[in-house]
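All remarks here apply to the structure that follows.
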Amino acid sequence: MALALNKFRLLTKNLVSGSNTIYQENIDVATIILSCQITNITSSIQSCDVAIQKSGSLSQITLLRNAVIPVDESLNPLAGKIVLERNDAFVIKTSVSGSLDVILSVLENAIN
C-alpha cells in the first residue's frame with residue numbers, strides 16, 4: 001500500500017511529569033514541524049524544556065531550556081520550521097503532571 005505523498009496532522013497531548021515524546025514517526029516519512037503551542041492550564045507558573053532526539057543518539061538537542069509559561073498563557077517554542085527524519089523525536093519535559101497542554105502541527109512527506 002502506497003503512502004499519501006503529503007499528510008497534515010494535528011497532535012494534542014496533556015503532559016505528564018518527566019519526558020514526553022510528542023511526535024515520533026517510524027515509517028518512511030520526513031516530517032516538517034509547522035507549529036507548536038504549549039499552554040499552561042494551571043493557576044501557577046510552569047516551565048518546560050523542548051528538545052529533539054535524533055535517531056540512534058542517546059543525547060537530546062535542546063531547543064529551549066527552562067521556558068517559563070505564565071498562568072493561562074501559551075508559548076510557541078519554535079522560531080521556524082523543523083525537519084525530522086525517520087525515528088527522530090520531538091520531546092517536551094516538565095515537572096508537573098497535567099499542567100501543560102501541547103498542540104503540534106506537522107506535515108509528513110512520504111519518501112519515494
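Bear in mind these aren't lab numbers, they're just calculated from the coordinates by the rules spelled out. Quick caveat: nothing in here was measured; it's all calculated off a predicted structure. Using ideal geometry, Cβ is built from the backbone for each residue, glycine included, and neighbour counts are taken over all protein chains shown.
Ordered by the count of other Cβ atoms within 10 Å of each Cβ, fewest first, 58, 100 give 58, 100.
Please work out, to two decimal places, the log10 of the ratio I(q)/I(0) at q = 0.11, 0.21 Å⁻¹ from a Debye calculation in which every Cα of the chain carries one identical scatterer. Taken in order of the listed q values, log10 I(q)/I(0) reads -0.35, -1.12.
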